[in-house]
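Comments concern the structure below.
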Number of protein chains: 2
Amino acid sequence: MATITKKKQRGRPAQSAAKKEEIRAKIVSVSKELFINEGFENISIRKIAQQAGCIPRTIYYYFENKRELLHYLWVDIFKTLSSECERAIKSLEAPLEIIHVIYTTYVNYWLAHRDQYRVIFMIEDLNATSNHDTAVLDMIKSSAKFIRIFEKAINDCIQNKVFKEKNTNRVVQVFFLSAHGLASGIITMREMKWENPDALIKSTLNALITGLE
Amino acid sequence: MATITKKKQRGRPAQSAAKKEEIRAKIVSVSKELFINEGFENISIRKIAQQAGCIPRTIYYYFENKRELLHYLWVDIFKTLSSECERAIKSLEAPLEIIHVIYTTYVNYWLAHRDQYRVIFMIEDLNATSNHDTAVLDMIKSSAKFIRIFEKAINDCIQNKVFKEKNTNRVVQVFFLSAHGLASGIITMREMKWENPDALIKSTLNALITGLE
DNA sequence: ACATTTTTAGGAACGCGTTCCATTATTGCA
DNA sequence: TGCAATAATGGAACGCGTTCCTAAAAATGT
């Protein structure tokens, strides 16, 4: 494959897209291993660089910041989450049951994998613009089937007049944000004496479904 | 006031409780000013120490960590939030209306004061035990009237059989966690294309209330 | 052959939260 | 009076995420 992608010009030629991708893939691969082996607290730019055989500065040459690098872990995490959701709804067909099971599996997944929750939701990029992470969202949506299954189940409920609310996107977000609140609150506010999480999930979900019917 | 709180013993006498409290209050006061004047990103231990006329090490002598220091900002923030809630429900008496208005005011407050949200919910102490922050929770609960008003309104609804669920604490937490999810998700997941927050709040709250009735 | 230009990588620095080791202050004991 | 003991403070260090300034690599132009 020809590597020159521009007219000949002075100066050191830029790396080919393939080469760039190879280096990025290496760094991402090492990041994933580090996260799996040593967890959230020990995944640092310096350690990643060391294991990738480069220096921290190099990582900032290929990635905007740590959060962009961690995007690739997000995709893996959401794939695993999706597998669990897909397994949990394996023999279900009723949309309400699918909603029920995916919602519950989603919250329980974060409660069971708190470091994974943190690596996604507790590292904020204050300088990012809204369109900044659209790419990662698209990656997640395209690889995590459970999101589309969940959206379809909600849409089916709306089409079948199970739900009075007609705006699919809004209903999806209502469910998603309440599930996220359960996970977020229970994980990060440890000083609160929470009721049994299973009971909280069940009460919230039943109330939402009943209220939307 | 006698300052010796122990039998005479060798070594430098410890500061009196009053003196300790004075120093802590000074540091807290400076922290609040810095947060108000320069916001979340610029409230650092070094800057606080500088303005308090001490060094960072001193802050760690009087406070466990940065998060414990920020607890005192939390109390102020929750007091302000409570004032807004109390103002919003000023002439209301119906418990359901009170729940409605407090819930909405609570979410909107965080959406309107995102730095205040971050200073409370985005700085996690991974080494803390559950009982670690119980003191701050008590401080918040005793100074933020809206929490008790909210709990009472929910309890009234349960007593009046408006809600089928009989566990007041659970219902309170269901409302709280869903409100928190709305704020948390909208603030920290900027890459998502959210529906209008007012609509999300309204749909979620109406669904919860209807579902609990 | 050397200078210039452009890209990629390197070393060090920045400010952060936090901790380590040392110093100073202040007491009682021998 | 000097030493030991205890508390409070000090300076520096640690590792973090990130950026700055510089160097090396690799090309073209003169």
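The values are calculated or read from the model by the stated rules, or taken from the named source; none is laboratory data. Quick caveat: nothing in here was measured; it's all calculated off a predicted structure. Neighbour counts run over all protein chains shown; Cβ positions are idealised from the backbone, glycine included. Just the protein is used for accessible areas: all its heavy atoms, side chains included, with ligands, DNA and RNA removed. Shrake-Rupley method; radii C 1.70, N 1.55, O 1.52, S 1.80 Å.
General observations
- Cα gyration tensor shape of region B:14-63, rounded if a/c is under 1.5, else prolate or oblate by comparing a/b with b/c: prolate
- Accessible surface buried upon A-B contact (total; probe 1.4 Å; Å², nearest 100): 4400
- Largest GNM mean-square fluctuation across A:174, A:75, A:28, computed for chain A with C-alpha springs under 10 Å, falls on A:174.
- Partner shielding of A:158-171 amounts to 2, given as the average count of beta-carbon atoms from other chains within 10 Å of each residue beta-carbon.
- Restraint check, B:90/B:152; A:90/A:141; B:32/B:66; A:202/B:141; A:26/A:66, Cα-Cα greater than 22 Å: A:202/B:141
- Only protein atoms count toward the accessible area here, which uses a 1.4 Å probe; on the protein assembly as shown, the carbon and sulfur part of that area reaches 51 percent.
- Charged neighbours of residue A:36, selected by a Cβ distance under 12 Å, balance to -3 (K, R count +1; D, E count -1).
- Heavy-atom accessible area per residue - region B:70-212, 1.4 Å, Å²: 42
- Three-way shape call for the protein assembly as shown based on the alpha-carbon gyration tensor, with the a/c threshold at 1.5: oblate
- Taking trypsin sites (Lys or Arg not before Pro) across region A:1-70, the ones in a DSSP loop with at most 14 further Cβ atoms lying within 10 angstrom of their Cβ are A:6, A:7, A:8, A:10.
- In nanometres and ascending order, the distances from the residue A:26 label point to those of the other copies are 5.4 (point 7 Å from Cα along Cα→Cβ).
- Segment residue A:206-residue A:91, extension gain: residue separation times 0.36 nm, minus the distance between their alpha carbons: 39.3 nm
- Test item: B:197-207 mean partner chain Cβ contacts at 10 Å: 5
- Listing of region A:107-124 residues, each with accessible area lower by at least 30 Å² in the full protein assembly than in the chain alone (probe 1.4 Å): A:118, A:121, A:122, A:124
- Global geometry of region A:71-212, whether rounded, prolate or oblate, following the gyration tensor of its Cα atoms and the 1.5 cut on a/c: oblate
- In plain terms, the chain from residue B:139 to residue B:16 could stretch by 42.0 nm, reckoned as 0.36 nm per residue minus the Cα-Cα distance.
- Normalised by the number of residues in chain A, the mean separation of alpha-carbon contacts (under 8 Å, six or more apart) gives a relative contact order of 19 percent.
- Value at 222 nm in deg cm²/dmol, rounded to 500, when DSSP H runs of n ≥ 4 in chain A each add -39,500 (n - 2.57): -22500 deg cm²/dmol
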